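Structure first, commentary second.
The values are calculated or read from the model by the stated rules, or taken from the named source; none is laboratory data. Note that the structure is predicted; figures quoted are calculated from it, not measured. Cβ atoms come from the backbone with ideal geometry, glycine included; neighbour counts cover every protein chain shown.
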Amino acid sequence: MAERNYTRQLATIISIDAVGFSRLMGIDDELAVAAFEERRDIITDSCGAFGGRTFGVAGDSIMAEFGNPIEALRAAFDFQDRIMALNASAAEEMRMPFRAGINTGDVIVREGRLYGDDVNIAARLQEFAPHDGLAISETTWHHVKDKTAANFTDLGEFMLKNIALPVRVLIAGRDGNGAAMAAPLAAIPTAPGHYKP
């Protein structure tokens, strides 16, 4: 039997994606890359300030790991607020909003990398989030629902691509801020069980 060279742990994963990055690259690729890197640094800083760490950057996407789902949600609200403030000072055509998906579950850790369905679920959830918004799983919601200044909109259960069991998806917005909730939800699927991003 091969020696086991990995560990298992519970973690909260944030999958973060730049919205409209390809469009901005078509307008001015150097400015787009600089804008992305500036916002990536904000995300890394916010995650670190709340006890998390970024562990994967691929193209215009970033992943972050937290031991505590409450801190993960706080970090996400923090970097969303900071990025929205930065975008407000940029020319409209060069604004780069980010959306994020948060999931809590079991992961395999090997050489600093994280694997497993619960990592993949976070990536799928991010596709439900409004621009500048957050989508979270029911698993994460159970940990944060009474412990943060947030409101939640339940979208229902969905079968996600390559995930065996349905996942309940909620949109998270900050009370008094409403930024995540301000984006229209019309583009988000509403028929449970049929969405496979």
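Can you tell me which residue within region 1-44, out of those that are acidic (Asp, Glu) and over 15 Å from the mean Cα position of the chain (by Cα), is farthest from GLU92 (Cα to Cα)?
Looking at residues that are acidic (Asp, Glu) and over 15 Å from the mean Cα position of the chain (by Cα), I get GLU3.
Condition check: without any contact (Cβ under 8 Å) to a residue 24 or more places away in the chain and either touching a Pro at 6+ places or on another chain (Cβ under 9 Å) or closer than 29 Å to GLY26 by Cα (or both). Does ALA91 satisfy that?
yes
Can you run down the residue pairs with Cβ atoms below 8 Å, 6 or more apart or on separate chains, where the first is in region 41-52 and within 14 Å of GLN80 (Cα to Cα) and the partner is at pLDDT below 95 and of a type in the set (S, T, N, Q)?
What qualifies is ILE43/THR54; THR44/THR54; CYS47/THR54.
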